[in-house]
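S.K.: One structure coming up, written as structure tokens, with questions to follow.
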Amino acid sequence: MEKLTTSFFYNLEKTVKIYRQFFQNQFKINGFDITLDQWLILHTVAEFPDITQNDIAEKVFKDKASVTRIIELLVQNGFLERAIHPTNRRMFQLTITEKGLETIEKLTELVPQIRQKALEGISPASVSAAQEMLAMIVQNCIPTSS
């Protein structure tokens with residue numbers, strides 16, 4: 001039987017967990033009072049201003065309840081404003097506040113540095129090969145209709 005710690009997927013999961021911790025720690029060290037998940041949602045709203053909460057959940061790989069909780073925290077902490085959507089009362093319209101815009105601007109400079117540090121010593125060809133491999137794994141895991 002294969003040892004757990006030698007499994008590719010165990011090591012992939014470990015890598016993601018450590019990377020997320022590293023990322024969060026870099027935010028803290030640099031004075032940002034925002035979580036990685038909050039940043040991902042804030043960035044997504046900035047990139048897609050009219051996005052729905054369901055679409056946000058899909059883009060950031062979170063369930064809808066988690067996205068709702070994270071958005072609530074972003075609203076409470078002054079990064080986002082939430083209002084009833086003008087054409088669909090069952091939806092919310094999210095608007096980035098001035099504080100949110102300032103945070104996005106500053107993190108847009110920091111995030112590439114964090115990613116670069118995580119990839120230090122890894123060649124662009126290796127990164128590209130890893131991205132191809134991960135895309136193939138995703139493709140292999142998507143259910144096909146038979």
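S.K.: Search segment 14-37 for residues being part of a helix (DSSP H, G or I) and of a type in the set (D, E, K, R), and hand back the single one that is most open to solvent (accessible area, probe 1.4 Å).
M.R.: Per the stated criteria, the residue is Lys28.
S.K.: Filter the helices (runs of 4 or more DSSP H) completely within segment 63-146 down to those with at least 2 residues that are without any contact (Cβ under 8 Å) to a residue 12 or more places away in the chain, small (Gly, Ala, Ser) and out of contact with any Phe, Trp or Tyr (no Cβ under 6 Å at 6 or more places or on another chain).
M.R.: Working: elements: 64-76, 98-118, 124-141.
Ranges flagged: 124-141.
The values are calculated or read from the model by the stated rules, or taken from the named source; none is laboratory data. Being a predicted model, the structure only gives us computed values, none of them experimental. Every residue, glycine as well, gets a Cβ built from its backbone with ideal geometry; the counts of neighbours run over all protein chains shown. For the accessible areas, the whole protein counts, side chains as well, though only heavy atoms, and no ligand, DNA or RNA atoms are used. Shrake-Rupley method; radii C 1.70, N 1.55, O 1.52, S 1.80 Å.
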